[in-house]
Amino acid sequence: MEIGVVGLGRMGGNIVRRLERKGHRAVVFDRDPAAINALADSAKGAKSLADLVKSLAAPRAVWVMLPAGEPTEQAIAELAQVMSRGDIVIDGGNSFYKDDIRRAQHLSGQGIHYLDVGTSGGVWGLERGYCMMIGGDKEAVARLDPIFAALAPGAGDIPRTQGREGRDRRVEQGYLHCGPAGSGHFVKMIHNGIEYGLMQAYAEGFEILRHAASEKLPAAQRFDLDLADIAEVWRRGSVVSSWLLDLTAAALAEDPQLAAFSGIVEDSGEGRWTVLAAVEEAVPADTLARALFARFRSREEHTFGDKLLSAMRKQFGGHVEPGTKRG
């Protein structure tokens, strides 16, 4: 298939590369010409959003992969001015789900389909594939199924879950049509809220392990523990094994003291939205709320656990701390 991609950052560029590997054709645009040039061997570059739309055959599909908020709003508004009835706009970033509902309603008046695609995979998506949570109408989702199938990780070597007979097989490939507009980013929002909680649990656990040698403890209770080795052994058969633990082990093996990190932990916004959703639904979410507040606290005082959180964010998403130069 042919698709336009707007935004060629850490994930956008790799989405194009993965699609090209699977035989699809991409027309791309980014405000940074260098980002377009980096894909010149495989994708056709456009000079503007209007030029990108003109370069695609109708009915068109354009995937927007920009930061949530004003950059995405502006891009979608500009695309709406030059796209036609039957075209599809996809927001694959981390937009707020209520914004998706508003955009979908507005674009539907022009006959333009809108899909919100919560996309998880970070900088590893090129090789591992992307887990996708999709919101929007069935017709548009079905039309773009070859694109989603190409981006998804596939079943791999994960055993099938017993009792899933008769259910949507796309889920086992790593992508799901969650429901109407907004539902994809809503599910991804909760995914990221859970991610905060999991990361915080690892961070606090390793903080306790690190302080096991504290002079405040009786001598017989002091343990000088190798955190990198503990992370590694937990990866192998432990109940708490996970990809986040894999990334933790990699970070500690590379830098056992995490000296390269200050411990300032940013949040993408989705953790905040998750807590707000819990408040609106009157659902207790103590762990997720505390994990979010711990990130706020990290900006005033920094612990080893905060450094571990920063290290995990860099491992899976390429996120760098404020004031740190990108490599």
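Just so you know, all these numbers are worked out from the coordinates, no wet-lab data involved. None of the values given here were measured: they were computed from a predicted structure. Backbone-built Cβ (ideal geometry, glycine too); neighbour counts: all protein chains shown.
Brief remarks follow.
- Check: the stretch 217-271 dipole with +1 on Lys, Arg Cβ and -1 on Asp, Glu Cβ, in debye: 280
- Cα gyration tensor shape for the chain, rounded if a/c is under 1.5, else prolate or oblate: prolate
- Applying 1/(1 + (r/R0)^6) with R0 = 41 Å to the Cβ-Cβ distance of ALA213 and GLU20 gives a FRET efficiency near 0.20.
- Simple point charges give the picture: +1 on the Cβ of Lys and Arg, -1 on the Cβ of Asp and Glu, and for the chain a dipole about the Cα centre of about 740 debye.
- Sorting TRP63, TRP234, TRP243 by the number of Cβ atoms found within 10 Å of their own Cβ, with the fewest placed first, yields TRP243, TRP234, TRP63.
- Straight-line cross-link partners of LYS22 among the lysines, defined as a Cα under 30 Å from its Cα and at least 8 positions apart when in the same chain: LYS44, LYS47, LYS54, LYS138, LYS188, LYS314.
- Inter-site label distance for ALA155 and GLU78 at 7 Å from Cα along Cβ, in nm: 4.3
- Ranked list, fewest to most other Cβ atoms within 10 Å of each Cβ, for HIS177, HIS106: HIS106, HIS177
- Computed across the stretch 143-242, the Kirkwood radius stands at 17.7 Å (inverse of mean 1/r, all Cα pairs).
- Loop-located trypsin sites (Lys or Arg not before Pro) in the stretch 157-233 (DSSP state not H, G, I, E or B) with no more than 16 neighbouring Cβ atoms inside 10 Å: ARG160, ARG164, ARG167, ARG169, LYS216, ARG222.
- Prolate/oblate/rounded label for the stretch 122-165 (Cα gyration tensor, a/c 1.5): oblate
- Comparing GLY166, GLY317, GLY271 in a Gaussian network model of the chain where C-alpha atoms under 10 Å apart are linked, the largest mean-square fluctuation is found at GLY166.
- C-alpha long axis of helix 286-298 to longest principal axis of the chain, angle in °: 80
- Per-selection metrics, the stretch 109-190 (Cα): Rg and Dmax in Å: 13.2, 44
- Legend: ranking of residues VAL16, VAL265 from fewest to most surrounding C-beta atoms inside 10 Å; resulting order VAL16, VAL265.
- Bridge type composition, the chain - antiparallel percent by DSSP, nearest 5: 20
- Cα gyration tensor shape for the stretch 206-275, rounded if a/c is under 1.5, else prolate or oblate: prolate
- Lysines whose Cα lies under 18 Å from that of LYS216, excluding same-chain neighbours fewer than 8 positions away: none
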